[in-house]
Structure formats: structure tokens, C-alpha cells
Amino acid sequence: MIEQDTRFIIDNNLINKGWILDINDPLKNVFFENDILRIINDKKLKKLQKRPDYVLINENRIPIAVIEAKAGGKDLEKAIEQAKEYAKTLNAPLIFAMNGAYCLTRHLYADKPLYINENEVNELIGVKEANKFIEDNTNSIYTIPKNVILSRQELINIFRDLNDSLRSEGLRAGIERLSEFANILFLKLYTENKAENLWNNIKKVDDEILIRTVEQTLKHIEKNYGASVFTDIQIKKSDTLRQIVNKLDNLTLSTIDTDIKGDAFEYFLQQAAANNNDLGEYFTPRHIVKTVINMVKPRFKETIYDPFCGTGGFLTECFNYIKENTIINTDEEKNILKEETIFGNELTNNSRLAKMNMILHGDGHSGIKQQDSLENPIDNKYDIVVTNMPFSQKTEFSHLYYNGLANNKADSVCVLHCFKSIKKGGRIAIIVPEGFLFNKQYEKVRQFLLNNSKLQVIISLPQGVFLPYTGVKTDILFFTDCKFKKTENKIWYFYVKNDGFSLNNQREKIKENDLKKVDYLDFKKNTDDNILDIGFISINYEDIKKNNYNLVLARYIKNEYYSKYHMIKLKELVDLLRGPFGSSIKKSICVSRGYKVYEQGNIINNNFKIGKYYIDEQKFNELKKFEIKKDDVLITCAGTLGKISIVPNNIERGIINSVLMRLRIKDKNIILPKYLKLIFESDVIQYEMINKSLGTSIKNMRPGNELKELLIPVPNIETQQKIIKDSLEKQIMINNKKKEIEEIQKSLINNINSIWCIKK
């Protein structure tokens, strides 16, 4: 995306948010770099060789904001600093930098990002919001009452409190209780500031007819939309329903603004999913969704499809994206957006949640169906497919797709369904489990996709982005020119280390966020230099073909680390062997002491005496090649990666299991075991091992070529001995310091304890 494309997006955004760009309008409040001097007689500004791309003014003709436009992928932190200089010159408090749909903000005086209703602003704002920032002279404002925000947060507590009541109705935890609660929540949101008489009528009726009244009210709303939206009320006790109505009645969840209602509903869905693992598969984190939508760049009059739409997150985001970035004026155009743009399928009752979600965002619900997408293949129908596919499902419909190419593998069938449904020349962005990139069982499908579309980029998401629902490692695949061109020359790859949130169950907001480098890059228009500058790596397509269409980056990147010592490939220094897989050991475990099975715990604790698993002599003889001996270097290679120990003397005779890898040195006159252990504990090799590991939910390191090709710095033996001695001395110093600290801590506790006189 070039800068001119960004300006086009900014212009449409500003118009949709109430700003006036028309040069003939006397109320014009947006000025560009070439006409700003018409209204601002500033000597400093006149002398500047470059001026701000946009200046926004208030009704008194005073500058209040500057906007800096950059090409897609350009560093917005630098753009913000540039915009700050313009803002200082103009004394304009609000600062925006955009490189497409991605936006950073700052408040000039607070030097902090802008916040509206406690959410960080990542888009341009309207005239009212801008004036509110100026009026309050702060970087954080509220455009809806604080009690609305507090009410939203209280929603989750209410849902949690009502769980016992919903359980007593025989409703299963998760989807059933969520759907039942969502019916009434939708009713509350729908009627706020719009049809309050409906809600008031429900509050007033006697308990005997409460359930029937709610059902009739929902059917009345359904009739307005001409579609089945709500699940039948499952609650049988009027007391339970009255509890929900009364608790929701005390809350103010929205204003008259439709988007605010949609935001409140999505907030509830997100928080409910975060507290119920069985709901997590239906809710993709919204910042990940936005990245996907920014990649495909949906345009007005394009049709968009999510075959596994869950609660509708991808579809609501597409709807909002088009509405924000397009000038839509006529009723005919509005109808196209509302009824002819958004389509989705969902197997479960969550399809109804998706419909509610769309209605509260402004519509688009009519294209959503409850059905099994895989059972219902679609041919050449949509311009764009965006989805987070279900992982590792079972399916009987492989035969419906390209002569059974998927070979009954559900992950492959999901991807092929997306491909089959796309029009010639269309675009697909799909989140897949990382196993799809490298497992041999998906090789033919990967080959088919690359031969029939252009795989523009692979975005490797960090393990943990879907916590607390699942720890599965995932990637975003972005295809263009589907059914029209094939992949040639190269594929771009980007490794996301941080997505703006901590990679644990808490998922707390952090500063580091690599996704902003991905947002709105146009891989057709960007030059290679531009993409390389922001951290993308290209994989040669011919190399991919030679490697069974494996799409994992580690297979192709070359070592880029150096040493002052001679470098030797690991495979020339040691023999690598991983312990036996499968149930061959488990079935042979015996209670009596035979030959020991060494496990991960032995290495993590550096203790070869712990452990209770043994195999008999017959099994040991079968697996004798996995036996360990003195000075073997052992590494953990599954789950917890990279923990290292050296096998000591006088251990019980035994073998390693599949979570350990044995490195047996070929010649101790070239490299010493203790030196090799130190090398493998270094940050460089630890990073390389993690980077070259595979796996979706559990990381796995295999003794394949990637590991064998590692370059190890090998000084002469005298230097190795010196390095070992120096490391040992420093470790002794650390241990001594630990003892000193422990003594000081004991002394401190004794001093505090001495305050008390304890009666014996």
C-alpha cells in the first residue's frame, strides 16, 4: 500500500466521522499540507520544508489535531515522532499516524496514547470526540456514561451469579447457558433507548405469563428481521427468568448508538468465553481478527464468507471495516452492505449469537445459517473468505472435495472448503494449527493450494494467543489470486513474538506488539526492501517444493550467528538419537527393578537417582540402542525444551524415553562434554532449538537436519577447559552468594521474631 492509498482511507474515515473536507464548504475543518497556510499564519510553519499531511481545526479555526499518513508497513512510532513536531508548532494536542487501517495516537501534552471509554484508540475519531479531548484537556475521555462501562463489567458477575439458577433448569455449562442468557441480554440491549416499552412490559407482567411474554417479544423482534434469530426459551421456572430480568434491569449497557450496543454484546461474549474453555473455540481475540481483516482489505460490494463463524467476530469486523472506509449514501448502497455482503455458517446454536451480534452492529444477519459447512460445499461464490477454522475435528465429507484429496483429514477438508467456495481471483485468510504447515499427511493439500493460488504470506502467531482456551500454536495463511494464479518465486513469512498481550492465561496488555507491522501491508504493491525492512523473511518456492511443501520457516532459514572460534556442524561432533516413541515402553513397564527408564524429570532436576519406571531384560535388549552412558549429553526435547544434563558415572543401567535426546560425542579430543553442555545452555542455541521445534499444543524438537546443521563454535581443548573452569568458578560464587543471602534472610526473620515474647 502506497501513501496515496492510506490518504484515500483517511479521507473516507474522516467523512464518515463527520469531518468536512470539501474545499467549497465554508465549514471545512480538514486542511492538507498544501493548503494549511490559508488559515494558519505561522512563521515556523512557513519555514518548514515539510508540513503535516492533515490538520483538523475546531469551530474557532484553531488547530486541534494533526494526522501523518504513511505507506503500508512503515514504522508508525517514527511517524508519531514526526507528527509530534508538527503538533508542537501548531500547538495541536491530538496526534494521529496511519499506515492504512492501522493507527497510533498520542496526546501532545500527556505524551500518552488516546483512550475513549477506557479503550485505547486505534482509529481516527469523530468531531465530537476530538472536541471532548480538547475540552477535558486529557488523553482519556468518556463518550458514554461511566455507569455504562461499569454495567458492562458487571454483566460477567451477573452471568456467573446466575449459573446456579441456570444449572437448576438442566442447562449444560457453556453454550446452553450462554445462549439462554444472551437471548435476554439481546432483548435488553435492543430495547434500550429505542423500544423501552417492550422491556417495561416484560418487567410489569405477572410471573405466570412472564416466560410466554418474553417468547412473544422475541418473536415480534424476529418478525421485523424476517429470520430465525433466537433459541427457544429453555427456562421452565418463571423465578429464574425473573432473576435475569431484574438483574439486567439495573444495568445501563448502551446508548442509542448501534455500534455501542454491538460492542457491549461482544464484550460479554469475549468475557464469557474467557471463563469457559468450551466456548473459547468460538471466539477469536478481536485484535487477531482485525489483523486478518486488514490483510484481506474487504471492499464495498465484495461478498465475504466465514464457514466457521462462531459468534460472528470476523463478520462484524468486516462489516465495520467496509462501513468505516467507504462512503455509503443511498438506500440501495446501504441495502447492499446490510443484506448482500456478509455470509457465514456455524454448526452450533452459536449461529444465533452471530445473528444477534450482526443485528446489534447494524445488520448483516440474513446471510448467517446454522449448518455444517463441510457437509455443504459451495462453488465459486465469494470474493473473500476469512475464518479461524476448527482444529482436529472429525468429518465424513472428505469425498465432497476435489476427489477426496483431503484423505479424511478434517483440517484439510476445512481448508479445501474455503478454497472451493472462493471465486476466481478471490482472497482467503485462514487461521490454521501449525501442524497443517509441516505434517506429511497434509502435503498433497498444501501442494494443491500452492499450485492453484498465490500464498502471499504466513504469519506465525506465538503459542499462547488463544489462552486460556487452548495452547495450540497457530498461523495465518493469506492467499490471493485463488484459482487464477499459482505460487511462484517466494512466500513471505513473519514471526510474531508478541501480540500486545502476555502469553499466559491472564493475557494482560503489554507494550510489545509485532502485529502492528503486519496490519495493512499490501504484498502486491510493497517493494521487497520495504517488507524486509520491517522484519519479514522470504522463503524460496523451489526450496519448498524440494521439502515436501513444508511451510515451517525453520526448515529454510540459515544460521546467522558467528564466533571467533572455528564453527563445526553438530552432526560432525556428535551422534544424535531421540528416545523411542509410542507405547513400546509403557506396555513393558514392570514394578520390579530391571533396567531404568530415564525421563524429563531426571534432566530438569539434574538427578539421575529419581524415577520409578523400569523395563525387563528382554525389552531392554530390544531398545538397547537407546542406552545412556557416562558423559552422554541429554536434552529435553518435548514440552519443556532445552534442559540439559551430563550423564554421571555409576548410574543405574537404562534407556531414555521419547522426551529426551541423547548427544554422544564422537571424539573427546575435539569437544568436551561439559563444554558442549555450556554451548547448549547459551541463548543462541536455546533460541535455535525453540525456533527449529515443531508442534501445535506441545513443542517438539526432532534430531533432524535442522538440528544436525547447527554450527557449534569449537576452540582448542585448552580453551574449552579454561571456559569450563571459569564457568564453574562463577557458579561457585553464585552458590556462595545464595548462602549469604539465605543467612541474611534468617537473621532478619530472627530479629523480627525477637520482638515477640512467646509463652510456653
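The values are calculated or read from the model by the stated rules, or taken from the named source; none is laboratory data. Everything numeric in this text was worked out from a predicted model, so none of it was measured. Cβ sites come from the backbone with ideal geometry, for glycine too, and all protein chains shown count toward neighbours.
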Exercise. Before we move on, is Arg160 part of a helix (DSSP H, G or I) and among the basic types (Lys, Arg)?
Worked result: yes
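Is it the case that Ile378 is within 28 Å of Arg7 (Cα to Cα) and assigned by TED's automatic domain parsing to the domain that holds Phe478?
no
Mind counting the residues in region 222-243 that are under 33 Å from the mean Cα position of the chain (by Cα) and of a type in the set (A, V, I, L, M)?
If we filter region 222-243 for residues that are under 33 Å from the mean Cα position of the chain (by Cα), which is where we start, we get 227-231.
Remaining after also requiring of a type in the set (A, V, I, L, M): 227, 229.
Selection size over region 222-243: 2.
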Problem set entry | Top-ranked residue in region 377-401 [being farther than 13 Å from Ser412 by Cβ and among the polar types (S, T, N, Q); ranked as surrounded by the fewest Cβ atoms within 10 Å (Cβ to Cβ)] | Asn380
Exercise. Checking Ile712 against (1) at pLDDT 80 or above; (2) loosely packed, with under 15 Cβ neighbours inside 10 Å; (3) not small (Gly, Ala, Ser), which single condition isn't satisfied?
Worked result: (2)
For this session: Might you let me know whether region 636-654 holds any residue that is assigned by TED's automatic domain parsing to the domain that holds Ser682, within 12 Å of Val597 (Cα to Cα) and crowded, with 20+ Cβ neighbours inside 10 Å?
Result: yes
Problem set entry | Criterion violated by Asn650 - all others in (1) in contact (Cβ under 8 Å) with a residue 24 or more places away in the chain; (2) on the phi > 0 side of the Ramachandran plot satisfied | (1)
Problem set entry | Breaking point among (1) touching a Pro at 6+ places or on another chain (Cβ under 6 Å); (2) of a type outside the set (D, E, K, R); (3) at pLDDT below 80, for Ile534 | (1)
Exercise. Among the residues of region 531-553, which ones are in a helix (DSSP H, G or I) and either touching a Lys or Arg at 6+ places or on another chain (Cβ under 7 Å) or at positive phi (or both)?
Worked result: Tyr541
Seminar exercise, completed: Checked region 102-120 for anything surrounded by fewer than 22 Cβ atoms within 10 Å (Cβ to Cβ) and assigned to a loop (DSSP other than H, G, I, E, B); matches are Leu108, Tyr109, Ala110, Asp111, Pro113, Asn117, Glu118
Exercise. Hey, does region 165-172 have a residue that's over 30 Å from Tyr115 (Cβ atoms), surrounded by 20 or more Cβ atoms within 10 Å (Cβ to Cβ) and among the hydrophobic types (A, V, I, L, M, F, W, C)?
Worked result: yes
Problem set entry | Selection status of Phe479, buried (at least 23 other Cβ atoms within 10 Å of the Cβ), in contact with a Lys or Arg (Cβ under 7 Å, 6 or more places away or on another chain) and farther than 21 Å from Asn513 by Cβ | yes
Exercise. When Ser392 is evaluated against the numbered criteria (1) out of contact with any Pro (no Cβ under 9 Å at 6 or more places or on another chain); (2) of a type in the set (Gly, Ala, Ser); (3) without any contact (Cβ under 8 Å) to a residue 60 or more places away in the chain; (4) more than 24 Å from Thr341 (Cβ to Cβ), which criterion, by number, is the only one it fails?
Worked result: (1)
Exercise. Is one or more of the residues making up region 146-168 modelled with pLDDT of 80 or more and acidic (Asp, Glu)?
Worked result: no
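Look through region 228-262, keep the residues that are assigned to a helix (DSSP H, G or I) and at pLDDT below 75, and return whichever of them is nearest to Gly471 (Cα to Cα).
First, the residues of region 228-262 that are assigned to a helix (DSSP H, G or I): 238-249, 258-262.
When the remaining residues are screened for being at pLDDT below 75, the result is 258-262.
Values: Thr258: 35, Asp259: 32, Ile260: 32, Lys261: 31, Gly262: 28 Å.
It comes out as Gly262.
Out of all the residues in region 149-178, which are of a type outside the set (Phe, Trp, Tyr) and in contact with a Phe, Trp or Tyr (Cβ under 9 Å, 6 or more places away or on another chain)?
Hits for region 149-178 are Ile149, Arg152, Gln153, Leu155, Ile156, Ile158, Leu162, Leu166, Ile175, Arg177, Leu178.
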For this session: Scan region 124-143 and give yes if some residue there is in contact with a His (Cβ under 9 Å, 6 or more places away or on another chain), under 30 Å from Arg299 (Cβ atoms) and assigned to a loop (DSSP other than H, G, I, E, B), otherwise no.
Result: no
Problem set entry | Test: Lys624 is farther than 19 Å from Thr640 by Cα, at pLDDT 90 or above and charged (D, E, K, R) | yes
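So that you can scan it fast, the table gives a plain yes or no per residue for (1) among the aliphatic types (A, V, I, L, M); (2) in contact with a Gly (Cβ under 8 Å, 6 or more places away or on another chain); (3) at pLDDT below 90:
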{"residue": "Glu3", "(1), (2), (3)": "no, no, yes"}
{"residue": "Trp19", "(1), (2), (3)": "no, yes, no"}
{"residue": "Asp42", "(1), (2), (3)": "no, no, yes"}
{"residue": "Asp53", "(1), (2), (3)": "no, no, yes"}
{"residue": "Lys78", "(1), (2), (3)": "no, no, yes"}
{"residue": "Ile95", "(1), (2), (3)": "yes, no, no"}
Seminar exercise, completed: When every residue in region 66-80 that is in contact with a strand residue (DSSP E or B) (Cβ under 9 Å, 6 or more places away or on another chain) and acidic (Asp, Glu) is compared, the one surrounded by the most Cβ atoms within 10 Å (Cβ to Cβ) is Glu68
Problem set entry | Unique match (being within 25 Å of the chain's Cα centre (by Cα) and of a type in the set (D, E, K, R)) among Glu346, Glu339 | Glu346
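Would it be correct to say that Lys301 is assigned by TED's automatic domain parsing to the domain that holds Lys423, in a helix (DSSP H, G or I) and either surrounded by fewer than 23 Cβ atoms within 10 Å (Cβ to Cβ) or among the hydroxyl-bearing types (Ser, Thr, Tyr) (or both)?
No.
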Seminar exercise, completed: Residue pairs within 7 Å by beta carbon, gap of at least six or interchain, first lying in region 603-617 and part of a helix (DSSP H, G or I), second charged (D, E, K, R), listed first then second, are Ile603/Lys643; Ile604/Lys643
